[in-house]
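As structure tokens, the structure follows; a few thoughts come after it.
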Amino acid sequence: MKFTDSHCHLDDKVFTAQLPTLLTQCRQLAINRIIIPAILPANFDSVLALPKQHPKEKTQVSLYPCLGIHPWFLDKLTDIHLEQLANKVAQTRSDIIAIGETGLDGAIAKKAPEHGQSIEDNWAKQYQFFDFQLNLAKAEQLPVIIHHRQSHDKIVPRLKKYQLSKAGIIHGFSGSYQQAKSYLDLGFKLGIGGTITYPRAKKTINAIKRLPLESLVLETDAPSMPISIEAGGVIGQPNSPVHIINVFQVLSEIRAESAEVIATQLEKNLDDMFFSK
Ligand SMILES: [Zn+2]
């Protein structure tokens, strides 16, 4: 069996010192590919540098950067940063495999008044950045990696409008079977991560039990989204791409298929979306 972490912030400084060791551990666990989204212009160059600093020839682990702007970081960003993103994508088109992570976040919008901004203005800016990135993905024929929180009702209509040919991944999916289905109908796949290691996430677990295996991919979101202690998480330790194995084990318990069948199909799902020419 082989594994891919389809969403890992490997450029985060918590990993820097131990990165060679971490990549060796990944190789030993057959984690052969790691997809690395960007979150804001300040980290574009660091995600792009990783595959050069840690080449596959040395590590046996392929690193795949993406470029995008996350909805959490818009406060200090302006149109100039969108232009920077578009230029960077144009310059590095053959080095990246997706636009992301982008998305819409309802919890951030709700908190805007605490920072002296109206909820409406916050949504307007989130939409401006999200729409720009959906347009970019469409123009560049790239998949998108989408962050959601309290925002399925806003993201789905947007995706219906844009009809992206390469679709993308709904990162850290949590939600109902119906919400999941509306993404699958648009060609999207669902990123399955730490959420399913918490038994209280009943709605999400029930949805993931019933959805076609063709719609799922594994992810950790490391160093964020820690897995549960029961599933192998360690208190006080940041999440790590090696925990993709723990997420896989929990998924294998939830699903009816054998571990081999699941692992093979999940890799194929990523091949189809990102790695087929
Ligand atoms: Zn992320």
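The values are calculated or read from the model by the stated rules, or taken from the named source; none is laboratory data. Everything numeric here is computed off the predicted structure, so don't read it as measured data. A quick note on method: Cβ atoms are made from the backbone with ideal geometry, for glycine too, and the neighbour counts reach across all protein chains shown.
Some values worked out for this structure:
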| read-out | value |
| --- | --- |
| Members of segment 147-181 found to be surrounded by fewer than 20 Cβ atoms within 10 Å (Cβ to Cβ), in a helix (DSSP H, G or I), without any contact (Cβ under 8 Å) to a residue 40 or more places away in the chain and not aliphatic (A, V, I, L, M), listed by number | D153, P157, K160, K161, Y162, Y177, Q178, K181 |
| Search result, residues across segment 47-72 that are more than 17 Å from V144 (Cβ to Cβ) and within 16 Å of the ligand (Cβ to nearest atom) | L50, L63 |
| Exclusive hit being of a type outside the set (A, V, I, L, M, F, W, C), over 16 Å from the mean Cα position of the chain (by Cα) and either within 16 Å of the ligand (Cβ to nearest atom) or surrounded by 21 or more Cβ atoms within 10 Å (Cβ to Cβ) (or both), set T204, T264 | T204 |
| Residue pairs meeting the criteria (Cβ under 7 Å; at least 6 apart or on separate chains; first without any contact (Cβ under 8 Å) to a residue 40 or more places away in the chain, in segment 249-265; second of a type in the set (K, R)) | none |
| Residue ID - nearest to E101 (Cα to Cα), chosen from residues in segment 182-217 that are of a type in the set (A, V, I, L, M) and in a loop (DSSP other than H, G, I, E, B) | L186 |
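A quick yes/no check of all residues on (1) modelled with pLDDT of 95 or more; (2) more than 16 Å from the ligand (Cβ to nearest atom):
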| position | (1), (2) |
| --- | --- |
| L142 | yes, yes |
| Q150 | yes, yes |
| K154 | yes, yes |
| R158 | yes, yes |
| I208 | yes, yes |
| L218 | yes, no |
| P223 | yes, no |
| I227 | no, no |
| G232 | no, yes |
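Residue-by-condition table, conditions (1) small (G, A, S); (2) surrounded by 22 or more Cβ atoms within 10 Å (Cβ to Cβ); (3) in contact (Cβ under 8 Å) with a residue 12 or more places away in the chain:
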{"site": "H7", "(1), (2), (3)": "no, yes, yes"}
{"site": "A17", "(1), (2), (3)": "yes, no, no"}
{"site": "K56", "(1), (2), (3)": "no, no, no"}
{"site": "L67", "(1), (2), (3)": "no, yes, yes"}
